[in-house]
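The values are calculated or read from the model by the stated rules, or taken from the named source; none is laboratory data. Computed from a prediction, not measured in an experiment: that's the story for all the values here. Note: ideal-geometry Cβ built from the backbone for every residue, glycine included; neighbour counts use all protein chains shown. When the accessible area is computed, the model is the full protein with side chains, heavy atoms only, and any ligands, DNA or RNA have been set aside. Shrake-Rupley method; radii C 1.70, N 1.55, O 1.52, S 1.80 Å.
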Amino acid sequence: MKSLALLHAAELVTLAGPQRPRIGNELSGLGIIRDGGLLIRDGKIDIVGASDEIEEAARDAEVRAGLAVVDLGGRVVLPGFVDAHTHLVFAGNRLEDFERRARDESYEQIAKAGGGIWSTVEKTRAASEADLFAQATKHAEWFVKCGTTTVEAKSGYGLTLDDELKILRVMQRLNQETPLEVVPTFLGAHAVPRDSSAGEYVDLVINEMLPRVAKEKLAEFCDVFCERGYFDVEQSRKILSSAKKLGLKLRGHADQLTNSGGAKLMAELGAATADHLEKTDEQGMASLKSANVQPVLLPGSVYALGSTSYPRAREMIEAGLAVVLATDFNPGSSPTPSMPMVLSLACTQMKMSPAEAITASTINAAYSLNRGGAIGTLEPGKAANVAVFDCEDHRELAYWFGFRQMHSVYVRGEQISF
Ligand SMILES: [Zn+2]
């Protein structure tokens with residue numbers, strides 16, 4: 001049996017705690033072991049403890065046979081980040097939009113100049129599956145280089161049956177052929193295509209896309225962009241109810257631009273998450289709490305759009321919600337794969353503590369993806385997904401910003417080389 005001993009972490013951030021999403025003060029409990037180590041066997045965490053305990057266990061003859069030992073050199077060690085909201089598969093970029101926004105042009109001006117989501121849809125439709133996979137592989141590598149080992153990824157830049165399936169197949173291949181674990185979400189209802197009405201498109205999503213996605217088992221979750229001008233509450237309810245009947249779990253883009261009842265709809269439908277929530281009010285938060293829906297907060301998109309309207313994380317934590325942080329990686333509004341950047345924004349703009357931000361981007365994110373028992377903490381029996389950072393105190397991850405502190409990363413006990 002192959003074994004790996006990782007020794008001498010300045011802080012081994014285990015996040016050991018209750019076997020459920022963390023709320024309130026629990027978000028601050030990182031379960032840090034100083035001079036900590038791990039014994040990994042066959043890709044899973046076997047023993048977690050002080051380095052001398054791990055060394056002791058490694059003297060066992062059976063363990064010693066196939067043992068490799070790595071001295072982590074007094075660095076900070078975390079479970080790999082779990083990024084629970086990304087749009088990882090798309091073609092091209094939105095540099096023109098970016099430059100126009102920098103010149104302070106309005107959303108309408110940018111759309112008129114051929115920008116916005118539609119330009120990404122056109123490029124993604126035109127790309128072959130092989131080209132799309134090549135670009136997505138590059139994105140996947142960026143995530144791992146920032147210390148992320150699992151991402152949720154949404155389709156939604158195809159908006160036809162064939163193009164949505166193409167994107168979902170690319171995710172399946174990423175999952176099989178790259179170190180990054182990809183949890184697929186079908187977001188056919190990302191925008192209304194130019195050549196159809198919202199009503200017609202909702203019917204297409206429900207009658208043709210969802211049954212195929214479910215039959216081919218290409219997605220675990222279904223998501224909808226629930227917002228005025230995209231899919232209203234009634235249309236979103238129709239799509240998500242159909243998805244639920246087909247056995248998909250639910251997530252939703254809710255209350256990003258207006259407080260339009262998205263959070264309440266996610267509560268009504270028993271969704272796993274309600275995402276964005278920049279405009280959600282107290283009633284919306286209360287309904288999320290009553291239905292145990294996890295809020296997924298995406299400060300990267302607020303920052304990149306030059307807005308200051310961050311979601312009210314403190315109120316959500318006080319309301320007892322199991323907050324999640326994610327990048328919202330996408331070419332238009334949040335072109336970052338970096339969870340450390342999101343931690344920085346969470347602390348500086350949303351007044352979360354570094355410990356709360358780490359919990360929100362590991363174990364709470366894992367629970368939101370139905371994987372709380374398998375990843376998101378450093379505890380015996382879990383996958384040995386481990387991120388090592390070149391610092392001595394976990395608070396440095398959110399404190400220093402704008403450069404990469406990642407030192408090395410292990411996926412199921414294997415070190416990833418770049
Ligand atoms: Zn999104």
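Key figures for this structure:
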| item | result |
| --- | --- |
| Region 264-280: number of residues that are under 22 Å from Asn25 (Cα atoms) and either away from the ligand (no atom under 16 Å from the Cβ) or of a type in the set (Gly, Ala, Ser) (or both) | 2 |
| Tally of residues being at pLDDT 95 or above, over 27 Å from Pro340 (Cα atoms) and not in a helix (DSSP H, G or I) across region 104-146 | 2 |
| Matching residues in region 261-271 - criterion: being open to solvent by 30 Å² or more (accessible area, probe 1.4 Å) and outside any helix (DSSP H, G or I) | Gly270 |
| Given (1) open to solvent by 10 Å² or more (accessible area, probe 1.4 Å); (2) more than 16 Å from the ligand (Cβ to nearest atom); (3) under 23 Å from His407 (Cα atoms), number of the condition Thr336 does not satisfy | (2) |
| Enumeration of residues in region 216-247 that are more than 16 Å from the ligand (Cβ to nearest atom), among the charged types (D, E, K, R) and either assigned to a helix (DSSP H, G or I) or within 21 Å of the chain's Cα centre (by Cα) (or both) | Lys217, Glu220, Glu234, Arg237, Lys238, Lys244, Lys245 |
| Number of the condition not met by Ala365 [criteria: (1) of a type in the set (Gly, Ala, Ser); (2) in a helix (DSSP H, G or I); (3) open to solvent by 10 Å² or more (accessible area, probe 1.4 Å)] | (3) |
| Within region 368-392, tally of residues that are in a loop (DSSP other than H, G, I, E, B) and aromatic (Phe, Trp, Tyr) | 0 |
| Any hit, region 9-27, residues being touching a His at 6+ places or on another chain (Cβ under 7 Å) and closer than 29 Å to Trp142 by Cβ | yes |
| Subset of region 309-333 [among the charged types (D, E, K, R) and open to solvent by 10 Å² or more (accessible area, probe 1.4 Å)] | Arg312, Arg314, Glu315, Glu318 |
| One residue from Leu4, Leu27 being assigned to a helix (DSSP H, G or I) and among the hydrophobic types (A, V, I, L, M, F, W, C) | Leu27 |
| Of all residues making up region 56-97, the number that are open to solvent by 50 Å² or more (accessible area, probe 1.4 Å), closer than 24 Å to Leu378 by Cβ and part of a loop (DSSP other than H, G, I, E, B) | 2 |
| Looking only at region 289-308, and only at residues there that are in contact with a helix residue (DSSP H, G or I) (Cβ under 6 Å, 6 or more places away or on another chain) and away from the ligand (no atom under 16 Å from the Cβ), the one that is least open to solvent (accessible area, probe 1.4 Å) | Val293 |
| Matching residues, region 346-362, being crowded, with 24+ Cβ neighbours inside 10 Å, in contact with a Gly (Cβ under 9 Å, 6 or more places away or on another chain) and not in a loop (DSSP other than H, G, I, E, B) | Thr359 |
| Flag if Glu181 is closer than 23 Å to Val82 by Cβ and surrounded by fewer than 16 Cβ atoms within 10 Å (Cβ to Cβ) | no |
